[in-house]
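Step one of this worksheet: look at the structure below.
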Amino acid sequence: MANKIGIVKMMEGFETYNYDEADELEKRLLADGSSKESAFKSKAGTVAVIKFGYNLVSELPILVNFAALWISSKPKTKVHEVTAAVSRMVASTDMHDYPFMCPDLMKNAFVIESKNHEEPLFGDTFSIGGYWVLDKLFLVGTRYPDGALMGVAVPVWDGSEISGPDPKDPLMGEISRDEYTNWVREAVRYAIIFSRLMSADKTPLKSEPKGANTKRGRRGEATGWIVSRVYLDRKYGSASSGTGGEKMDKEGKLTKVVQVQGFLRNQAYGPGWKLHKDVWIESFETRRWVSARPTKIIVSA
């Protein structure tokens, strides 16, 4: 399954079909006592069959997840198209724990896609989308040069380490358990860091509208997506490590200029310091004392 087109293209055309049958099915299942998750999954399956056809959905069940993402994104899908520099900043950000609250961007359905499919977000994944069913975050992703993945995470906003999926989750397609676990963890980590960078004070990321789809569905409601281009502020791309040094007096040491990489700080503020917000701390130089010459250590037998 070639996916160079990405998630946005995968969801094109959904608005041209009538899904009354799917809506009625969901209502009937909920009335009969089915769980919200089960009823929503059945609705998404029906939408996928109407859009792609029964045979294709049977062959590629992940299409149900794309349908679910589209349903969750209505009336407008928010797409963040990122440059390679943004993904490099996400990758270099030293953050591997859940924050203490869900970032704003992740509270609803989201799509993050690389501007160039040959420059992935992480690994070989160049687009990811997420939607919620109760406390479960369902993820879909497209890969380069082809293929798609889906996974389920249950984030806990308590400062603990970002975990993988439930080890009992069924695997979809030709993927190992380790690959699946790592992909879910990396997708969640990317989404969290990107979301926090987007909302942080003094963020190094810039965002500008690229365009909007203005199609209308069969019932006349506005559908489609709004695309924002996200890129790294130019001034953050030129920092380099310092190498200068000068002698300290009697200890024979040197001062070395070290470039400290920019980072996110969760800062308390407000009455009683009970509120918190992310603040981007710019890269800065500091000095460290280092030995002027190598130390020779002799180990006797």
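Tabulated data for the structure shown
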| read-out | value |
| --- | --- |
| Cross-link pairs beyond the 23 Å C-alpha cut-off, checked among LYS9/LYS168; LYS78/LYS136; LYS43/LYS115 | LYS9/LYS168; LYS43/LYS115 |
| Rule-of-thumb Rg ratio for the range 1-130 [Cα; 2.2 N^0.38 Å; N residues] | 1.20 |
| Dimensions (Å) - the range 57-159, Cα atoms, principal axes, largest first | 41, 34, 24 |
| Span per principal axis, largest first, for the Cα atoms of the range 11-59 (Å) | 31, 23, 14 |
| Rounded Å value of the spacing that divides the Cα centres of the range 132-148 and the range 1-59 | 15 Å |
| Electrostatic dipole magnitude of the range 88-187 [Cβ: Lys, Arg +1; Asp, Glu -1; Cα centre; debye, to 20] | 220 debye |
| Taking VAL156, VAL140 and counting other C-beta atoms within 10 Å, the order from fewest to most | VAL156, VAL140 |
| Spin-label model distance (nm) - GLU161 vs GLU21, 7 Å beyond Cα toward Cβ | 4.8 nm |
| Value of relative contact order over the range 37-83, rounded to a whole percent, pairs C-alpha under 8 Å and six or more apart | 38 percent |
| Exposure proxy order (Cβ contacts within 10 Å, fewest to most) of GLU118, GLU174 | GLU174, GLU118 |
| Mean shadow area of the range 6-234, taken as a quarter of the surface of its Cα convex hull (nm²) | 13.1 nm² |
| Estimated inter-spin distance, GLU59 and SER35, nm [label 7 Å along Cα→Cβ] | 3.2 nm |
| Neighbour-count ranking [beta-carbon atoms within 10 angstrom, fewest first] of LEU25, LEU205, LEU69 | LEU25, LEU205, LEU69 |
| Gained length - LYS115 relative to VAL154, 0.36 nm times residue gap less alpha-carbon distance | 11.2 nm |
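Read-outs throughout are calculated quantities, based only on the coordinates presented, and are distinct from any laboratory measurement. This one's a predicted model, so the numbers in the text were calculated from it and none came from an experiment. A quick note on method: Cβ atoms are made from the backbone with ideal geometry, for glycine too, and the neighbour counts reach across all protein chains shown.
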